[in-house]
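The values are calculated or read from the model by the stated rules, or taken from the named source; none is laboratory data. Everything numeric here is computed off the predicted structure, so don't read it as measured data. Quick reminder, even Gly has a Cβ in these numbers, built from the backbone with ideal geometry, and neighbours come from all protein chains shown. Remember, those area values only see protein heavy atoms, side chains included, never the ligands or the DNA or RNA. Shrake-Rupley method; radii C 1.70, N 1.55, O 1.52, S 1.80 Å.
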Amino acid sequence: ITEDVETLLDLYTKQCAVEMNCLDLARIGMIFAMDGVDPLNGKRIMPDDVARICKTFMVTCGMYNASGEFAIKIGIPAKSGVSGGIMGSVPGKFGIGIFGPALDEKGNSVAGLKLLEILSRKYRLSMF
């Protein structure tokens with residue numbers, strides 16, 4: 001790092017703190033779930049191959065170092081953030097948005113993980 005660390009941390013923190021709520025996260029997850037089309041207005045937001053690639057990355061690394069265990073246990077493409085937010089995308093069905101600020105040692109929302117585990121098990125949402 002060749003720049004001032006405090007300045008870089010300030011910029012990084014601001015980029016991680018984009019204002020969103022659970023509905024925003026769920027809507028983005030829904031667009032991924034519907035292969036890039038927003039079913040609320042019928043508009044294509046992204047090409048279907050881009051949505052597919054994003055869901056693949058969500059499964060393989062969206063939950064940081066817990067991604068493999070998450071895929072086995074929950075099986076929903078998802079991306080967590082340092083705010084405690086989790087965006088889930090159940091392919092062909094719907095999106096899920098969760099906020100729970102307490103993070104585990106891997107940087108994922110403790111409450112969000114538990115809620116997704118319960119939802120996945122109860123409604124058989126796992127893609128595996």
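Which is the longest run of the chain containing none of the GluC sites (Glu not before Pro) found in DSSP loop states (not H, G, I, E, B) with at most 14 other C-beta atoms within 10 Å?
On the way: sites that count: 3, 19, 105.
The segment 20-104 is the longest one with no such site.
Return the subset of 14/73; 55/106; 43/114; 73/114 for which the Cα-Cα distance in this structure is over 22 Å, preserving the input order.
On the way: 14/73 32 Å; 55/106 20 Å; 43/114 33 Å; 73/114 11 Å.
Distance filter (> 22 Å) returns 14/73; 43/114.
Along each principal axis of its Cα atoms, how long is region 47-105 end to end? Whole angstroms, biggest number first, please.
That works out to 34, 20, 17 Å along the principal axes.
When the accessible area of region 1-108 is computed with all protein chains present and a 1.4 Å probe, what percentage of it is carbon and sulfur?
Values: 4000 of 6500 Å².
Roughly 62 percent of what the probe reaches on region 1-108 is carbon or sulfur.
Just to be sure I understand the curve: with the Debye formula and one point per C-alpha of region 80-128, what is log10 I(q)/I(0) at q = 0.22, 0.23 Å⁻¹?
Calculated log10 I(q)/I(0) at the listed q: -0.76, -0.81.
Between residue 110 and residue 52, what is the spin-label point distance in nm, taking each point 7 Å from the Cα along the Cα→C-beta axis?
Spacing of the two 7 Å Cα→Cβ label points: 4.0 nm.
Could you do me a favour and compute the accessible area per residue for the chain, 1.4 Å probe, result in Å²? Provide the component values of the computation, followed by the final result.
Numbers: 7980 Å² over 128 residues.
Per residue, the chain has 62 Å² of solvent-accessible surface.
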